[in-house]
Amino acid sequence: MDSDEDERIPFSRRPEWSDVTPVPQDDGPNPVVSIAYKDDFRETMDYFRAVYLSDERSPRALQLTTETIEMNPGNYTVWHFRRLVLEALNTDLHDEMDFVAHVAERNPKNYQIWHHRRWVAEKLGTEAASLELQFTKKILALDSKNYHVWSHRLWVLETLGGWEDELEYCEKLLEDDIFNNSVWNQRYFIMTHSPLLGGLQAVRESEVSFTVKAIMSNPANESPWRYLRGLYKGDHKLLVRDSQVSSLCLEVLKTNPNCVFALGLLLDLLCYGFKPSGEFTSVIESVRHSASDTSDTSDVKFANTICSVLERVDPIRANYWAWRKSKLHPEVY
């Protein structure tokens, strides 16, 4: 409750609850660790159990769930019962949205709240799309990587619509923080699911250009590297054929020879059949020197050299790169 604890009237002193016998929590005869609940919380839950067990779906039952949720917004049983009461009373769900917003703003990472809000939005239908998109924007302005909010926003777009301004919204967030992996994920979702863009094939060329620029601005940002791979959706041949990708690796390694993401992508290109030009030879040689790789290179192919370098510049995954080297096909350049 928003009021001070001293102003709260106990249920036992409320005339409208005089006909209800509270049901205490049953911890068994010998509880190992008895939780020291506050008196007001204990009493509220005792009355909730009584109403829940009697399946009373009334206005006072709805108010009881409100007070219970205010005390513990993570109680999934209370939320479930609240939905039953809301349906039974045919309550105006616009009012319910206001209540959920009030709770969510103070508990933005509570799964039960977002599950309940989705239920309400689904009941309201497409008219709730704009409201939900605006509300999630408000919460994301406080925490732009809140997984629950992004998940809810994805559901709204797929179920209720509202795609028109989503790409513009993501671009604004990336301008604010190019490292925000949640926004990169959302952008990929738009490219692959929006009915307005025509699918990944239709946007791939422009998106690759956009991503290359983002990488060149900060090659240490892993998110656009992952996004770039996703734009080819496992089509290795297409990835190899696109000169923008190999050129990107080359340009990054010229100035950042220890860039793990560029080296890893170049390694994959080689394994997928990419045949490097002569310009790559000098670049790989500078990479070796930068990583202090002293292995014999008299007859070592590019992929083998890259694996050796990655073992040194990426020590956390050194065993992985050693394994990759052991699995290199003899035909890989």
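Against the definition (modelled with pLDDT under 95 and either buried (at least 17 other Cβ atoms within 10 Å of the Cβ) or over 25 Å from residue 21 (Cβ atoms) (or both)), how does residue 98 come out, yes or no?
No; evaluated as a whole, the condition is false for this residue.
Out of the stretch 1-32, which residues are at pLDDT below 80 and either surrounded by 10 or more Cβ atoms within 10 Å (Cβ to Cβ) or part of a helix (DSSP H, G or I) (or both)?
1, 5, 6, 31
Within the stretch 137-156, identify whether any single residue is touching a His at 6+ places or on another chain (Cβ under 8 Å) and either touching a residue at least 24 places away in the same chain (Cβ under 8 Å) or surrounded by fewer than 14 Cβ atoms within 10 Å (Cβ to Cβ) (or both), and answer yes or no.
no
Filter the stretch 33-90 for residues that are open to solvent by 20 Å² or more (accessible area, probe 1.4 Å), part of a helix (DSSP H, G or I) and of a type in the set (Ser, Thr, Tyr) and give the result.
Selection gives 52, 54, 66, 76, 77.
Identify the residue in the stretch 115-136 that is surrounded by 19 or more Cβ atoms within 10 Å (Cβ to Cβ) and among the small types (Gly, Ala, Ser) and, among all such residues, is nearest to the chain's Cα centre (by Cα).
This residue is 121.
Restricting attention to the stretch 177-188, report how many residues are surrounded by 19 or more Cβ atoms within 10 Å (Cβ to Cβ) and of a type in the set (Val, Ile, Thr).
1
For the list (1) under 29 Å from residue 179 (Cα atoms); (2) touching a helix residue (DSSP H, G or I) at 6+ places or on another chain (Cβ under 9 Å), I need the number of the one condition that residue 325 fails.
All conditions pass for residue 325, except number (1).
For every residue, the table says whether it meets (1) part of a helix (DSSP H, G or I); (2) surrounded by fewer than 18 Cβ atoms within 10 Å (Cβ to Cβ).
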position	(1), (2)
190	yes, no
197	no, yes
201	yes, yes
204	yes, yes
213	yes, yes
219	no, no
226	yes, yes
229	yes, yes
239	yes, no
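When the residues of the stretch 109-136 are filtered to those that are polar (S, T, N, Q), in a helix (DSSP H, G or I) and in contact (Cβ under 8 Å) with a residue 24 or more places away in the chain, which remaining residue is nearest to residue 186 (Cα to Cα)?
Only one residue tops the list, namely 130.
Pairs needed: first member in the stretch 9-38, aliphatic (A, V, I, L, M); second member anywhere, not in a loop (DSSP other than H, G, I, E, B); C-beta distance under 6 Å; at least 6 residues apart or different chains.
Sorted first by the residue in the stretch 9-38, then by its partner, the pairs are 20/50; 23/46; 23/49; 23/50.
Output the number of the condition that residue 256 fails; it satisfies all remaining conditions of (1) farther than 23 Å from residue 329 by Cα; (2) open to solvent by 10 Å² or more (accessible area, probe 1.4 Å); (3) of a type outside the set (Lys, Arg); (4) modelled with pLDDT of 95 or more.
It fails just one condition, (4).
The values are calculated or read from the model by the stated rules, or taken from the named source; none is laboratory data. Please read all numbers here as calculations on a predicted model, not as lab measurements. For neighbour counting, all protein chains shown are included, and Cβ atoms are generated from backbone atoms with ideal geometry for every residue, glycine included. When the accessible area is computed, the model is the full protein with side chains, heavy atoms only, and any ligands, DNA or RNA have been set aside. Shrake-Rupley method; radii C 1.70, N 1.55, O 1.52, S 1.80 Å.
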